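Novice: Below are the structure tokens for one structure; questions will follow.
Bear in mind that the values in this text are calculations on the coordinates, not laboratory data. The structure presented is a predicted model; accordingly, all values stated were derived computationally and were not measured. In this analysis, Cβ positions are derived from the backbone assuming ideal geometry, glycine residues included, and neighbour counts consider all displayed protein chains.
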Amino acid sequence: MISKSSTVGVIGLGYIGLPTAAILADHGVTTIGMDVSERNVTAVNNGEVPFVEPGLREVLERAVSSGALTASTQTPVADAYIVAVPTPFTDTHSADLSYIEAAADGIAAKLSGGELIILESTSPPGATEHMAARILAARPDLGPADIMVAHCPERVLPGKIMEEMISNDRIIGGLTPAAAEAAKDLYSAFCKGEFLLTDARTAEMAKLTENSFRDVNIAFANELSVISHKLGIDVWELIELANHHPRVNILQPGPGVGGHCIAVDPWFIVDAAPEQANLIRTARETNDAKPEWVLGRIEQALEASGEAPTVALLGLAFKANIDDLRESPSLHIAEKLAQRAPDAKILAVEPHIQKLPAPLEQFGNVALTELDEALERADVLVLLVDHDVFKSLPKSRLGSAAVIDTRGIWR
Ligand code: SAJ
């Protein structure tokens with residue numbers, strides 16, 4: 001039985017694992033975080049957050065200084081484990097389960113029987129069963145009845161993780177009903193949302209479904225923006241008007257869909273049922289094609305502004321008010337533009353980072369630039385991310401530059 005006196009090992013101290021570990025510890029549960037990165041582990045033990053997430057630093061500092069949270073590069077002995085490692089996709093859009101497998105191997109070596117093992121990483125259908133089988137294969141002395149395994153997908157929104165981790169409802173899919181109940185006990189330590197118990201496969205698919213739903217809706221908005229541009233219609237006004245209908249709720253177009261979730265998860269469904277997942281695949285392709293459409297518009301504007309133009313790209317993160325560049329369409333646009341317009345000077349403005357991201361370093365024509373300087377120098381201004389600092393700019397600051405606003409903030 002998992003109780004407040006249990007020790008919990010959190011495997012992977014990234015965007016999800018670290019907030020989970022900090023919140024668990026802050027609610028009095030002895031928590032040991034494990035990460036393969038020595039740098040991350042040292043940062044956590046010093047109460048420092050290695051990435052931007054509002055509110056996390058305060059909770060982490062409390063958790064570490066109370067002694068409830070420690071971090072290590074070794075998998076700890078614990079009563080329960082939460083696995084929160086990445087599940088990237090391969091070149092063929094299949095899920096890469098190698099991080100889950102490595103976590104399973106580390107945990108297997110520490111088990112004595114009776115432990116609860118929760119997979120939180122977003123996973124294709126069957127991944128939880130795969131993780132359990134891998135653990136049991138490494139420990140022939142244990143049988144399926146000796147461990148409890150569940151999938152509890154995280155559904156928090158980056159930028160609001162600290163609130164949503166506590167208030168969101170939680171889907172809990174057990175390989176057995178007892179495993180689901182044990183996981184519910186563990187999350188009860190801090191989660192105030194409703195617990196929705198099911199089997200592991202349905203839980204895996206529920207998480208993928210939520211993100212695919214959002215991807216399809218954004219693809220609809222992105223397609224509308226391309227159609228509206230052709231027809232000379234303001235897509236943001238169009239969507240605002242349509243959304244006044246009581247049963248219409250269209251999301252917002254942008255430069256494409258990024259991040260490690262919505263741009264990735266629908267592919268796991270396509271990979272699991274390629275013949276059936278037509279709409280989901282088309283939505284992914286529509287969103288993936290949007291950066292190229294934006295690039296075309298930038299190239300036209302550069303041509304119109306004569307020789308050796310200066311272009312400012314406002315925002316590189318995958319969405320507003322964070323520093324996360326994973327699968328970022330804005331970063332992709334910056335990279336492609338640097339390649340395709342060697343004569344242009346590219347000023348990349350990203351207030352949330354201090355250093356030009358590695359993929360842009362190889363180009364001599366890109367510089368990380370302060371907003372004020374970029375506004376002063378740009379012939380073409382491209383708004384890629386709706387960071388608050390850009391939203392609060394008065395229109396008068398845009399000067400005489402040609403403006404391409406992919407988020408509709410300066411209409
Ligand atoms: N985006 C648009 N238009 C919109 C909304 C988003 O273009 O109207 C773009 C964003 O700019 C970004 C991408 O979509 O590039 C994804 O951003 P997001 O805010 O929609 O989602 P994430 O990836 O930060 O978080 C999602 C959330 N899922 C849902 O809302 C269904 C979150 O709850 C999940 O926990 C998270 O994925 C995850 O980890 O799976």
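Novice: Having 2 or more residues that are over 13 Å from Leu313 (Cα atoms) and not acidic (Asp, Glu) is the bar; report the strands (runs of 3 or more DSSP E) wholly within region 323-411 that clear it.
Specialist: In region 323-411, no matching strands (runs of 3 or more DSSP E) lie anywhere.
Novice: Restricting to region 104-152, what's the tally of residues that are part of a loop (DSSP other than H, G, I, E, B), within 29 Å of Gly259 (Cα to Cα) and of a type in the set (D, E, K, R)?
Specialist: Counting residues in region 104-152 that are part of a loop (DSSP other than H, G, I, E, B), within 29 Å of Gly259 (Cα to Cα) and of a type in the set (D, E, K, R) gives 1.
Novice: Taking region 153-167 on its own, how many of its residues are within 18 Å of Gly259 (Cα to Cα), touching a Cys at 6+ places or on another chain (Cβ under 9 Å) and of a type in the set (A, V, I, L, M)?
Specialist: Residues meeting the conditions: 0.
Novice: For residues in region 256-286 being without any contact (Cβ under 8 Å) to a residue 60 or more places away in the chain and buried (at least 20 other Cβ atoms within 10 Å of the Cβ), which is nearest to the ligand (Cβ to nearest atom)?
Specialist: My answer is Ile262.
Novice: Within region 185-214, count every residue that is within 16 Å of the ligand (Cβ to nearest atom) and within 22 Å of the chain's Cα centre (by Cα).
Specialist: 15
Novice: Of the conditions (1) in contact with a helix residue (DSSP H, G or I) (Cβ under 9 Å, 6 or more places away or on another chain); (2) of a type in the set (S, T, N, Q); (3) surrounded by fewer than 22 Cβ atoms within 10 Å (Cβ to Cβ); (4) closer than 24 Å to Trp410 by Cα, Ser330 satisfies every one except a single condition; which number is it?
Specialist: Checking Ser330 against (1) in contact with a helix residue (DSSP H, G or I) (Cβ under 9 Å, 6 or more places away or on another chain); (2) of a type in the set (S, T, N, Q); (3) surrounded by fewer than 22 Cβ atoms within 10 Å (Cβ to Cβ); (4) closer than 24 Å to Trp410 by Cα, the one that fails is (3).
Novice: I'd like to check something: does region 226-233 contain any residue that is more than 16 Å from the ligand (Cβ to nearest atom), of a type outside the set (Ser, Thr, Tyr) and touching a Leu at 6+ places or on another chain (Cβ under 7 Å)?
Specialist: no
Novice: When you check Gly159 against the structure, is it in contact (Cβ under 8 Å) with a residue 60 or more places away in the chain and away from the ligand (no atom under 16 Å from the Cβ), yes or no?
Specialist: no
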